[in-house]
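Remarks on the structure that follows.
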Amino acid sequence: MGKLKTLEEKAKGIVSKVSNDPQGRYQLRYEFYQKYGNPIIKGKEGLGNSELAFIDWEIKRGALNSMSDSKLGSPWWREVNGHFLYLATLAQLIKESGETFQGLPVPVNFWLDYIDTPNERTWYRAHNSSIISGYYVSDSLAFNENIYEQYFMNIVLYRVLYAQSMVEGVSFGILGEVFGNPRGSAVSIITHIEAFYPSHYPLSKEDIRYVTHNAHNFTGLIEDVFDKKFILPHLNKLYAEAAKWNNSPMVKTFVKNNLPTYPITLSELNKEHFNTKLTTIKIPIP
């Protein structure tokens, strides 16, 4: 067995051990950031703050629960997270081995760049290329989720790409400056706002109204402004730029005519259920 293959198998083993342990998944990433990119300690901001806040939200929502748990997790969310863990863990093992290899997956090379030079830009490229890759390899599992969860997957993706835009120097609005800092507390705050990141899996009827921009209240209005004014009108451009930043051309297949299309079934539903105005998306409410 070659050296790279040995490290790949080791990375798979590490991730497999925490597959059914949501807190173990979190701990794996916490320990990574204690080593690389400013330790996360009280009173000091670390580059992993936003990622850890998001994983914490996934855990509280129950999406990472074991498939044998009394409250079942989501195969799709579990797979995207697991793929992410594998790519980052493999990069760490390669770095600590002192070896160099050709032909590594794009996200692994970005994580190696981040480990060597930890900053906002290298972090976003490592993180977001891993997320895009996770979406791509987990596409078939997305079909098992209902249409509302599928659309929410798109919201999660375009918000993190929007946050990256400010770090990359492409302005899509002032809010990107607030949410673009992976060291800060903005992600932790926003993941505690139900209108932006519902805490239920599967989504409740109230969650669905927020996700589909049909919650006619104050927090729903804030979410509407955030998505419809600052992000959705620029979705084609945002994904095209993200494809370049993250060396991930597949992300351009997740958007068409400024509308999200992940997974492919959602693209078909666009024709039937989505208003074609650039900033208005309608999905039937149960």
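The values are calculated or read from the model by the stated rules, or taken from the named source; none is laboratory data. Computed from a prediction, not measured in an experiment: that's the story for all the values here. Methodologically, a virtual Cβ is constructed for each residue, glycine included, from the backbone with ideal geometry; neighbour enumeration extends over all protein chains shown. With ligands, DNA and RNA removed, areas are computed over all heavy atoms of the protein, side chains included. Shrake-Rupley method; radii C 1.70, N 1.55, O 1.52, S 1.80 Å.
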* Flag if Phe143 is touching a residue at least 24 places away in the same chain (Cβ under 8 Å), touching a Lys or Arg at 6+ places or on another chain (Cβ under 6 Å), on the phi < 0 side of the Ramachandran plot and open to solvent by 20 Å² or more (accessible area, probe 1.4 Å) -> no
* Sort through Leu7, Leu64, Leu52 and tell me the only one that's at negative phi and assigned to a loop (DSSP other than H, G, I, E, B). => Leu64
* Structure fact -> Taking segment 99-133 and keeping residues in contact with a Pro (Cβ under 9 Å, 6 or more places away or on another chain) and among the small types (Gly, Ala, Ser) leaves Ala126, Ser129, Ser130, Ser133
* Mind checking whether some residue in segment 82-98 is modelled with pLDDT of 95 or more, over 16 Å from Ala11 (Cα atoms) and either outside any loop (DSSP other than H, G, I, E, B) or under 17 Å from the mean Cα position of the chain (by Cα) (or both)? -> no
* Is segment 11-23 home to any residue that is assigned to a helix (DSSP H, G or I), closer than 25 Å to Ser204 by Cβ and open to solvent by less than 70 Å² (accessible area, probe 1.4 Å)? -> yes
* So which pairs qualify, if the first residue must be in segment 88-109 and under 17 Å from Tyr136 (Cβ atoms) and among the β-branched types (Val, Ile, Thr), the second must be open to solvent by 60 Å² or more (accessible area, probe 1.4 Å) and not in a helix (DSSP H, G or I), the Cβ gap must be under 9 Å, and the two must be at least 6 apart or on different chains? -> Val106/Asn247
* Asked: Just to be sure, is Tyr162 touching a helix residue (DSSP H, G or I) at 6+ places or on another chain (Cβ under 7 Å) and open to solvent by less than 30 Å² (accessible area, probe 1.4 Å)?
  -> yes
* **Where Ser185 falls short, out of the listed (1) touching a Phe, Trp or Tyr at 6+ places or on another chain (Cβ under 7 Å); (2) within 25 Å of Ile55 (Cα to Cα); (3) modelled with pLDDT under 60** => (1)
* In this structure, is Ser199 modelled with pLDDT of 85 or more, surrounded by fewer than 21 Cβ atoms within 10 Å (Cβ to Cβ), in contact with a His (Cβ under 9 Å, 6 or more places away or on another chain) and among the polar types (S, T, N, Q)? -> yes
* Asked: What is the one condition in (1) open to solvent by less than 50 Å² (accessible area, probe 1.4 Å); (2) among the aliphatic types (A, V, I, L, M); (3) over 17 Å from Phe152 (Cα atoms) that Val80 does not satisfy?
  -> (3)
* **Scan of segment 215-226 for residues that are outside any helix (DSSP H, G or I) and surrounded by 15 or more Cβ atoms within 10 Å (Cβ to Cβ), ordered by number** => Ala215
* To do: Scan segment 69-80 and report the pairs whose first residue is on the phi > 0 side of the Ramachandran plot and touching a residue at least 60 places away in the same chain (Cβ under 8 Å) and whose second residue is open to solvent by 10 Å² or more (accessible area, probe 1.4 Å) and among the small types (Gly, Ala, Ser), with Cβ atoms within less than 8 Å and a gap of 6+ or a chain change.
  => none
* Asked: Of the conditions (1) modelled with pLDDT under 65; (2) part of a helix (DSSP H, G or I), Lys229 fails just one. Which one is it?
  -> (1)
* Looking for whichever is among the polar types (S, T, N, Q), touching an Asp or Glu at 6+ places or on another chain (Cβ under 9 Å) and farther than 15 Å from Arg29 by Cβ here; the options are Ser97, Ser66. Which one fits? => Ser66
* Asked: Does segment 34-42 contain any residue that is within 22 Å of Ser129 (Cβ to Cβ), open to solvent by less than 80 Å² (accessible area, probe 1.4 Å) and modelled with pLDDT of 95 or more?
  -> no
